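Peer 1: So that we are looking at the same thing, I have put the structure below in structure tokens.
The values are calculated or read from the model by the stated rules, or taken from the named source; none is laboratory data. A quick note: this is a predicted structure, and the numbers were derived from the prediction, not measured. Cβ atoms come from the backbone with ideal geometry, glycine included; neighbour counts cover every protein chain shown.
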């Protein structure tokens, strides 16, 4: 019998991913315990090692290893890009990445999420329709395909940051140009250009007059997603999938806003017709994506349809799993509620082990 080998990869400081300590109302982030994870994997028959990304010797053979890892949300995504290089190389060499490299690429990358969603086999999961562009010039080229109202969002960002509802083409250009200008200023390596742009901003604020945009439209680049707007929503659902277990949180919209993410107004819902509908939909998503863990943002419209707005398979917030008093399982087509008595490390490792056992 071949030895099952699992490799846990951490950041340079030994960090893997975040878990929360404290109460639901008063909690703070800390590191997941990779040594507890190592023990849990070994208890399930794996030979387990822990290495920092920088400690990997790429001359070694990792073919057949199961590799678990976390992403990064560093400013500029430079460290995330470094992680992507390593994970892709390991996957090309035959290591089994959990999750697959493409879902690391999709982390904090709404543009790539939408490109993946458009390729789903299940047509029901392809709605709402979206368009991804990489520059202001490209946006103008596809504007005729856009229906209003729609939602414009930057490819990166969390907690509803960089998400704007637009009602017409004029607003589309205005807000997209602003989002791309911010991106240009933040990432420009030309110090003089950055200073000029900040001075221009301050003049505009202090004089309260409109000034012509000093940046050529051809220079405005940033990944932007234009997504169909779903009206009359009161909130959304955060569903965390840990292999066959579904943890669900309902989030109400912010006051006088169409966005729910970051509202802080939420509850853990009991079974109802709507919750069953959302769980059935989440089950379709998990079957389509087929990874050990998935974070899903799902909305349920008044017309009885559900839509997948965003998803992540790595380095997502674990609050819903950690603080929900229960989770749901589908047993022979029936949703059942089970008490949540598990730590994040226990549930993470269980999901990995059971996923491997069933693939």
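Peer 1: Residue check, residue 111 against (1) touching a helix residue (DSSP H, G or I) at 6+ places or on another chain (Cβ under 7 Å); (2) surrounded by 14 or more Cβ atoms within 10 Å (Cβ to Cβ); (3) modelled with pLDDT of 95 or more, all met but one. Which one?
Peer 2: The number of the failed condition is (1).
Peer 1: I need a count of the residues in region 307-334 that are more than 21 Å from residue 16 (Cβ to Cβ), part of a loop (DSSP other than H, G, I, E, B) and touching a strand residue (DSSP E or B) at 6+ places or on another chain (Cβ under 6 Å).
Peer 2: 1
Peer 1: Let me ask you something else. Of all residues in region 117-147 being touching a strand residue (DSSP E or B) at 6+ places or on another chain (Cβ under 7 Å) and closer than 18 Å to residue 312 by Cα, which is surrounded by the fewest Cβ atoms within 10 Å (Cβ to Cβ)?
Peer 2: 127
Peer 1: Follow-up question, since we're still on this one. Restricting attention to strands (runs of 3 or more DSSP E) lying wholly within region 160-265, give those where 3 or more residues are in contact with a helix residue (DSSP H, G or I) (Cβ under 7 Å, 6 or more places away or on another chain), at pLDDT 65 or above and closer than 30 Å to residue 128 by Cβ. Show your work before the answer.
Peer 2: On the way: elements: 163-166, 221-228, 235-242, 245-252.
Passing ranges, in order: 221-228, 235-242, 245-252.
Peer 1: Could you list, in sequence order, all residues of region 148-178 that are without any contact (Cβ under 8 Å) to a residue 60 or more places away in the chain and crowded, with 19+ Cβ neighbours inside 10 Å?
Peer 2: Of everything in region 148-178, those that are without any contact (Cβ under 8 Å) to a residue 60 or more places away in the chain and crowded, with 19+ Cβ neighbours inside 10 Å turn out to be 162, 164, 166, 172, 176.
Peer 1: Let me ask something additional. Any idea which of 303, 283, 337 is surrounded by fewer than 19 Cβ atoms within 10 Å (Cβ to Cβ) and assigned to a helix (DSSP H, G or I)?
Peer 2: Details: 303 fails: assigned to a helix (DSSP H, G or I); 337 fails: assigned to a helix (DSSP H, G or I).
Within the list 303, 283, 337, the selection yields 283.
Peer 1: I would also like to ask the following. I'd like to verify a number: residues in region 264-299 that are more than 23 Å from residue 347 (Cβ to Cβ), within 19 Å of the chain's Cα centre (by Cα) and in contact (Cβ under 8 Å) with a residue 24 or more places away in the chain, how many? Can you show your working first?
Peer 2: Initially, region 264-299 is screened for residues more than 23 Å from residue 347 (Cβ to Cβ), giving 264-265, 272-274, 277, 299.
From what's left, within 19 Å of the chain's Cα centre (by Cα): 264, 299.
Right, trim to in contact (Cβ under 8 Å) with a residue 24 or more places away in the chain and you get 299.
Within region 264-299, residues that are more than 23 Å from residue 347 (Cβ to Cβ), within 19 Å of the chain's Cα centre (by Cα) and in contact (Cβ under 8 Å) with a residue 24 or more places away in the chain number 1.
Peer 1: In the list 345, 270, which residue meets the criterion of being surrounded by fewer than 21 Cβ atoms within 10 Å (Cβ to Cβ), closer than 22 Å to residue 34 by Cβ and at pLDDT 95 or above? Spell out how you get there, then give the answer.
Peer 2: Details: 270 fails: closer than 22 Å to residue 34 by Cβ.
Sole residue among the options that is surrounded by fewer than 21 Cβ atoms within 10 Å (Cβ to Cβ), closer than 22 Å to residue 34 by Cβ and at pLDDT 95 or above: 345.
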